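Below is one structure; the comments refer to it alone.
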Amino acid sequence: MSTAVLKALATVAIWGSSFFAIRIALESATPLGVVGVRNAVASLLLFALVRARGGPLLPAREDRPRCLLLGLVISAHFLIQTFAMRSTSTLHAGWIIAFIPVVVAVGSRVFLGQRMKAAGWLGIAIATLGVLALTAARPKELAHAGLGDGLMLLSTVTWAAYTLLAIDVVRRNGGLRVAAFALGIAAVPTLAAALWLGTWHAEPSLRSIAAIAFLSTCASALAMWLFADVVAELGPERSSAFQYLQPFVTLAVSCLFLDEPSTTSQLVAGPAVLVGVWLVQRAKRA
């Protein structure tokens, strides 16, 4: 098993657990507080690693405008996901995030000119119908999950945008340096807003602080670094294909630590999303 595959599996395990961590963090912190602290701590950790490894601290001058854009995109991505977790379940979030490879494949077709075979378009249709069915049926406990599901679906677009935009600059500057710079840019508006509007809405609990620490050190710093390296080595579509496994990690974490309501749509529509993603990936390999 290659190093890139191991890195991809590690990111899937971390991000599959992150929705649970966001839910716990929001018990005490505001969404802006969660994202602001998450970005700031992750950026400091990654810049410290860049300094320890030697070489330039920042990306090449000609790549900084693109890295600035990456920072704004990832800032929006984390905010969207965090606000989404206020009203949807971790299970819904996990299944919807599995739609990312489809969005990346469509983005590659539109912006990079890559071809899509008929089986790929069939997969896109199946995965899209699966997502629509998943978000349409909700038990009364998730009566207000429509907004959360919609925001989580929007986050698949922001992540696909980040993935496609990061390819060239990561190959030239390295995943660690680009991730550190992007998260540093992302930290500025979110941390400033959190300090101005409030970081906590309740007395900080130990578990909420631990959840934010996990999001900062693992879900942002470590996973962003690993994923950037994976994208540089495997390309956007092959690296995004590992999102196929993320719902199963989320499902396992949810079953172990949460008592969330389940629906028939999760058992039918969720796997339909994965079937569609598999068809898309199979068509691209062919």
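Okay, here's what the table says:
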{"read-out": "Which listed residue, of 76, 93, 105, is under 14 Å from the mean Cα position of the chain (by Cα) and either outside any helix (DSSP H, G or I) or at pLDDT below 90 (or both)", "value": "93"}
{"read-out": "Selection from segment 193-225 of residues that are surrounded by fewer than 22 Cβ atoms within 10 Å (Cβ to Cβ), in a helix (DSSP H, G or I) and not polar (S, T, N, Q)", "value": "193, 195, 196, 197, 206, 207, 209, 210, 213, 214, 218, 222"}
{"read-out": "Flag if residue 6 is over 22 Å from residue 187 (Cα atoms) and part of a helix (DSSP H, G or I)", "value": "yes"}
{"read-out": "Residue check for residue 188: part of a helix (DSSP H, G or I), among the β-branched types (Val, Ile, Thr), within 25 Å of residue 71 (Cα to Cα) and at pLDDT below 85", "value": "no"}
{"read-out": "Residues (within 16 Å of the chain's Cα centre (by Cα) and over 19 Å from residue 6 (Cα atoms)) located in segment 212-250", "value": "212, 214, 215, 216"}
{"read-out": "Single residue of 51, 66, 23, 61 found to be closer than 20 Å to residue 180 by Cβ, in contact with a helix residue (DSSP H, G or I) (Cβ under 8 Å, 6 or more places away or on another chain) and of a type in the set (D, E, K, R)", "value": "66"}
{"read-out": "The lone exception for residue 27 - which of (1) over 21 Å from residue 189 (Cα atoms); (2) touching a residue at least 24 places away in the same chain (Cβ under 8 Å); (3) in a helix (DSSP H, G or I) it fails", "value": "(3)"}
{"read-out": "Exclusive hit being under 21 Å from residue 43 (Cβ atoms) and free of Cβ contacts under 8 Å to residues at least 60 places away in the same chain, set 184, 175", "value": "175"}
{"read-out": "Some residue of segment 150-163 being touching a helix residue (DSSP H, G or I) at 6+ places or on another chain (Cβ under 6 Å), surrounded by fewer than 15 Cβ atoms within 10 Å (Cβ to Cβ) and at pLDDT 75 or above", "value": "no"}
{"read-out": "Residue that is touching a helix residue (DSSP H, G or I) at 6+ places or on another chain (Cβ under 7 Å) and either closer than 23 Å to residue 98 by Cβ or surrounded by fewer than 20 Cβ atoms within 10 Å (Cβ to Cβ) (or both), where the choices are 10, 29", "value": "10"}
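The values are calculated or read from the model by the stated rules, or taken from the named source; none is laboratory data. Given the structure is predicted, the values throughout are model-derived calculations rather than measurements. Cβ sites come from the backbone with ideal geometry, for glycine too, and all protein chains shown count toward neighbours.
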